[in-house]
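Shown next, in structure tokens, is the structure this report addresses.
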Amino acid sequence: MGEKIAGLDVLGEEYFADPHAYHARLREQAAASEIVLPRGTKAWLVTRYEEARLALADPRFSKHYERFPEVMALNRVGRDEGVIEFDQSLVKHMLNMDPPDHTRLRKLVTKAFTARRVEQLRPRIQEITDGLLDEMATRSEVDAVDVVDVVDALAFPLPITVICEMLDVPMDERDDFRVWSNVLVGGGNGDGADLQEAGGKMAAYLARLVENKKADPGDDFFSALVHADEDGDRLDPMELIAMAFLLLVAGHETTVNLITNGVHHLLRNPDQLEKLRADRSLLPGAVEEFLRYESPVNQATMRFTNEDVELGDVVIPKDSVVVVALSGANRDGSKFPDADRFDITRPAGGHLAFGHGVHYCLGAPLARMEGEIAVGSLLDRFDIAPAAEPDALKWRPGTLIRGLEALPVSLTPRGAR
């Protein structure tokens with residue numbers, strides 16, 4: 001595995017390139033195994049399905065942000081890169097809280113993030129997708145370029161446009177968000193100064209956005225969130241900044257990878273691509289298989305034990321950092337027969353790509369909708385073929401996110417041959 005600290009594997013380049021092989025080895029050994037995260041924190045990595053599901057939902061595994069610095073300090077090993085202290089306004093969101101604080105925030109956010117409001121986005125998501133596909137077709141015709149990068153041409157601009165419109169963020173500022181977000185989600189492998197700078201810029205921008213929405217609300221989603229009320233209770237300014245940050249990062253990073261990873265594996269499995277072309281009713285199930293097979297979030301955000309916990313065949317001591325490998329659980333053969341086979345006709349459901357329990361992803365319906373529209377529309381419009389050898393593709397470094405840096409494909413308009 002490469003580098004070791006205190007006799008434990010340090011997750012690094014080899015792991016980023018192929019976490020599945022590493023998870024498979026660990027699943028054979030134990031339900032959870034001690035490793036060292038890239039910035040020198042000792043943690044227990046959970047790779048089996050049943051234990052992962054339990055750890056995601058059991059209150060003995062805490063996410064409360066106030067104790068995290070102390071727990072992280074207790075589990076530092078081998079190196080001293082310093083503690084990264086983010087602006088509190090970026091961490092005071094519901095993903096970093098336990099009930100009852102989490103319950104209060106989730107209730108308020110759910111008032112704005114309704115199923116009806118998400119479904120109302122469908123025509124606009126289709127419109128954005130069609131516009132991006134038009135641009136891809138124009139490039140092909142005018143510039144005689146038949147190779148495009150799915151990430152830059154479709155997978156990134158679609159969800160960032162949707163989330164920026166939901167937050168009413170000017171589109172000419174989306175590139176700033178892309179830079180800040182890439183630094184922050186790759187943070188386990190990044191430079192501390194870069195992380196703090198990106199966090200500070202993101203927090204300052206979102207603080208201005210909150211003030212603008214308070215003073216001049218519109219009919220956009222973020223205005224509804226700023227003014228959401230539950231028996232007189234509202235999100236305070238810091239909670240609003242944190243919530244906007246969570247929506248911005250979770251709302252586009254995961255969907256970029258869902259779309260890219262799905263197209264990538266359809267191209268690597270031509271029989272599955274042909275099945276989907278022949279029967280578009282398979283599309284919802286195909287999206288579930290994209291999510292299971294190459295989970296856009298490789299590892300769930302960190303937890304810590306607030307008491308000794310017996311997990312499967314191991315005991316994890318109190319005040320241990322615990323990381324649930326969502327992609328490890330989703331390749332567990334005890335839950336998913338022939339788990340390493342990509343099969344869009346596999347019975348849908350049961351995967352942990354969106355988490356489980358009280359922290360189950362609130363944006364799951366939106367991500368699924370964007371994935372279905374993007375991939376379905378791409379296949380309606382073009383015949384696609386890989387334009388790079390699989391070994392030439394690079395996965396983004398970091399433990400949290402699982403996505404390709406680029407996915408070059410060759411395009412031919414449908415019916416042109």
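Here are the numbers for the structure shown:
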| item | result |
| --- | --- |
| Entries in K275/K335; K42/K63; K335/K394 that, when Cα-Cα distance is taken, lie over 19 Å | K275/K335; K335/K394 |
| 23 Å Cα-Cα reach of K214 towards lysines, excluding residues that sit fewer than 8 places from it in its own chain | K92, K107, K111, K201 |
| MRE, 222 nm, helices only [DSSP H, n ≥ 4, -39500 (n - 2.57), over the chain, to nearest 500] | -15000 deg cm²/dmol |
| Taking W395, W44 and counting other C-beta atoms within 10 Å, the order from fewest to most | W395, W44 |
| Residues whose placed amide H lies under 5 Å from that of H227, excluding near-sequence neighbours | none |
| Approximate spin-label separation R208-I5, in nm, with each point projected 7 Å along Cα-to-Cβ | 3.7 nm |
| Relative contact order [Cα under 8 Å, 6+ residues apart], the chain, whole percent | 26 percent |
| Segment D319-D340, extension gain: residue separation times 0.36 nm, minus the distance between their alpha carbons | 4.2 nm |
| FRET efficiency for D18 and D231, using Cβ-Cβ distance with R0 set to 56 Å, rounded to 0.05 | 0.65 |
| P(r) histogram, all alpha-carbon pairs of region 4-413 included - 20 Å bins from 0, percent | 26, 59, 14, 0 |
| Highest-MSF residue in the chain out of N96, N261, N269 [GNM, Cα springs under 10 Å] | N269 |
| Helix runs (DSSP H) in the chain reaching 20 Å along axis by Cα, Kyte-Doolittle at least 0.0 | 237-268, 364-381 |
| R0 of 30 Å, Cβ-Cβ distance A348-A215: FRET efficiency to nearest 0.05 | 0.10 |
| Added length on full extension, which subtracts the Cα-Cα distance from 0.36 nm per residue, E310 to A406 | 30.5 nm |
| GNM flexibility winner over the chain from V321, V147, V256 (Cα, springs under 10 Å) | V147 |
| Estimated FRET transfer efficiency when R0 is 56 angstrom, pair E70-E135 (beta carbons, to 0.05) | 0.70 |
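Values in this text are rule-based calculations from the coordinates and carry no lab data. Values in this document were obtained by computation on a predicted structure and should not be read as measured data. Counting neighbours? That spans all protein chains shown, and the Cβs are built from the backbone with ideal geometry, glycine included.
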